[in-house]
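Here the structure is laid out as structure tokens; the discussion comes afterwards.
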Amino acid sequence: MITASEREIFDLSGPLHITSIDWENPHHRRSIAASLVQGVYVLERDRQEKRTGHEALAPPWWEFFHFKLLRNLVDDADYSIFGAIYEFKPPASLCNHSLDGSPRYVIAFRGTLTMPGSFSRDIELDLHFLQHGLHRTSRFEIAIQAVRNMVAAVGDANVWLAGHSLGSAMAMLAGKTMAKNGTFLNSFLFNPPFFSAPIETIKDKKIKHGIRIVASVITAGLTIAMKASNMKGLTEDPFAGLSAWIPYLYVNPGDYICSEYIGYFEHRDKMEEIGAGAIERLATQNSIGGMLMKVVGKESDPMHLIPSANLTVNLTPSRDLKEAHGIHQWWRDNMQLQSKLYKYR
């Protein structure tokens, strides 16, 4: 069994099997994006443990793939490192090989760390997410400003976003924010949290499908009622301009934090099949919780709801929730994966 500290050591836990990078290979792209996110986790652990110089464990997580750490993203409340900007710097020997599909820069965000140096602030951000208020936090302001500055400097085609758990929520919100202005960034979102009742854990498919239909009808009905009242934010289709942004979502059915994305997208197809696509197009844009917050006068953006995605599900059995939610699963080379493209129409 690999210990927590050993998981921070690249030579023990990293994807050493990727010795020659093929940027058109989905496994390589996924593994490298996940490793760069892990690099942010270890950067913060290095800070907390005061590991510097040769004792620092973070650098191999990006240097192995020829990236350079350009800048840390630091929270203004607790000074923890929550993100990093990496620059791809391939050696001259690789310049003769095809680098098609490679990024120039990757902006990566870590998730919650259960360590004293950052735990209280991370939990505070988790609570903001649950209240659909992540966009109002200073950490997100730092993140989105870094994304905007980088895109302005080098162009959207040269920038990737990546994140895990809470960091995936940050990357998703940044991606959505940029997409609203017509900038569609390659985004790799690992175990993104989906704030909903855990319907996906129900084993009986008929019961599960029935619950989702009822929820869709209720949500669509509330949406129509609010449109009739001309409530701000519900007068237009919020997904129309976002549908061209297609992030890569990586979820595990054993992880109730993110597994609802499986049903969220599958349910759309099923509603189309039974002739209820119009109802689902209304329901999929809104959450009941988000609408209730609007009713009480609170600005709310259900940022976990997205129109399109390239969804990859890890069907490899997990021992427990910790493994199912972990970042390490996404660079293993012996997984049973199922991928499908979902486009909003």
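Take the conditions under 23 Å from Phe119 (Cα atoms), exposed (fewer than 15 other Cβ atoms within 10 Å of the Cβ) and among the β-branched types (Val, Ile, Thr) and apply them to Thr19. Does it pass?
On the way: under 23 Å from Phe119 (Cα atoms): no; exposed (fewer than 15 other Cβ atoms within 10 Å of the Cβ): yes; among the β-branched types (Val, Ile, Thr): yes.
So Thr19 does not fit the description; no.
Considering each of Ala174, Ala157, Ala146 in turn, give the residue that is open to solvent by less than 10 Å² (accessible area, probe 1.4 Å), in a helix (DSSP H, G or I) and either over 22 Å from Arg45 (Cβ atoms) or among the basic types (Lys, Arg) (or both). Explain how you work it out, then say what you get.
Numbers: Ala157 fails: open to solvent by less than 10 Å² (accessible area, probe 1.4 Å); Ala146 fails: either over 22 Å from Arg45 (Cβ atoms) or among the basic types (Lys, Arg) (or both).
Exactly one of Ala174, Ala157, Ala146 is open to solvent by less than 10 Å² (accessible area, probe 1.4 Å), in a helix (DSSP H, G or I) and either over 22 Å from Arg45 (Cβ atoms) or among the basic types (Lys, Arg) (or both), namely Ala174.
Assuming Phe109 fulfils every condition listed in (1) open to solvent by 20 Å² or more (accessible area, probe 1.4 Å); (2) under 21 Å from Leu173 (Cβ atoms); (3) among the aromatic types (Phe, Trp, Tyr) apart from one, which condition is it?
(1)
What about Gly290, is it crowded, with 19+ Cβ neighbours inside 10 Å, over 18 Å from Arg345 (Cβ atoms) and modelled with pLDDT of 70 or more? Break it down stepwise before answering.
Numbers: crowded, with 19+ Cβ neighbours inside 10 Å: yes; over 18 Å from Arg345 (Cβ atoms): yes; modelled with pLDDT of 70 or more: no.
So Gly290 does not fit the description; no.
If a residue must be more than 14 Å from Pro26 (Cβ to Cβ) and in a loop (DSSP other than H, G, I, E, B), how many such residues does the stretch 333-345 contain?
Total satisfying the criteria: 5.
Can you report the number of residues in the stretch 20-34 which are over 11 Å from Ala108 (Cβ atoms) and in contact (Cβ under 8 Å) with a residue 40 or more places away in the chain? Explain how you work it out, then say what you get.
Just the residues of the stretch 20-34 that are over 11 Å from Ala108 (Cβ atoms), to begin with: 20-31.
After this cut, where a residue has to be in contact (Cβ under 8 Å) with a residue 40 or more places away in the chain as well, the list is 21, 23-24, 26-27, 29-31.
Adding up the residues that qualify gives 8.
Being without any contact (Cβ under 8 Å) to a residue 24 or more places away in the chain, touching a strand residue (DSSP E or B) at 6+ places or on another chain (Cβ under 8 Å) and open to solvent by 60 Å² or more (accessible area, probe 1.4 Å) is the filter here; which residues of the stretch 35-88 pass it?
Matches in the stretch 35-88: Lys68 only.
What is the one condition in (1) in a loop (DSSP other than H, G, I, E, B); (2) closer than 23 Å to Cys258 by Cβ; (3) open to solvent by 10 Å² or more (accessible area, probe 1.4 Å); (4) in contact (Cβ under 8 Å) with a residue 12 or more places away in the chain that Asp126 does not satisfy?
(1)
Can you list the helices (runs of 4 or more DSSP H) found entirely within the stretch 4-101 that contain at least 2 residues being of a type in the set (Lys, Arg)? Full working, then the answer.
On the way: elements: 10-13, 26-49, 60-63.
Per the criteria, 26-49.
Among the residues of the stretch 8-19, is there at least one that is touching a Ser or Thr at 6+ places or on another chain (Cβ under 9 Å), β-branched (Val, Ile, Thr) and closer than 21 Å to Asn314 by Cβ?
yes
Name the single residue, out of those in the stretch 293-323 being surrounded by fewer than 15 Cβ atoms within 10 Å (Cβ to Cβ) and in a helix (DSSP H, G or I), that is modelled with the lowest pLDDT.
Val295
Restricting to the stretch 333-345, what's the tally of residues that are touching a helix residue (DSSP H, G or I) at 6+ places or on another chain (Cβ under 9 Å) and modelled with pLDDT of 95 or more? Lay out the reasoning, then the answer.
So the first thing to find is which residues in the stretch 333-345 are touching a helix residue (DSSP H, G or I) at 6+ places or on another chain (Cβ under 9 Å), and the list is 333, 335, 337, 339-340, 342, 344-345.
Remaining after also requiring modelled with pLDDT of 95 or more: 337, 339-340.
Qualifying residue count, the stretch 333-345: 3.
The values are calculated or read from the model by the stated rules, or taken from the named source; none is laboratory data. Predicted model only: the values in this text are computed from it and were never measured. Heads up, the Cβs are rebuilt from the backbone with ideal geometry, glycines too, and the neighbour counts pull from every protein chain shown. The accessibility values were calculated without ligands, DNA or RNA, using every heavy atom of the protein model including side chains. Shrake-Rupley method; radii C 1.70, N 1.55, O 1.52, S 1.80 Å.
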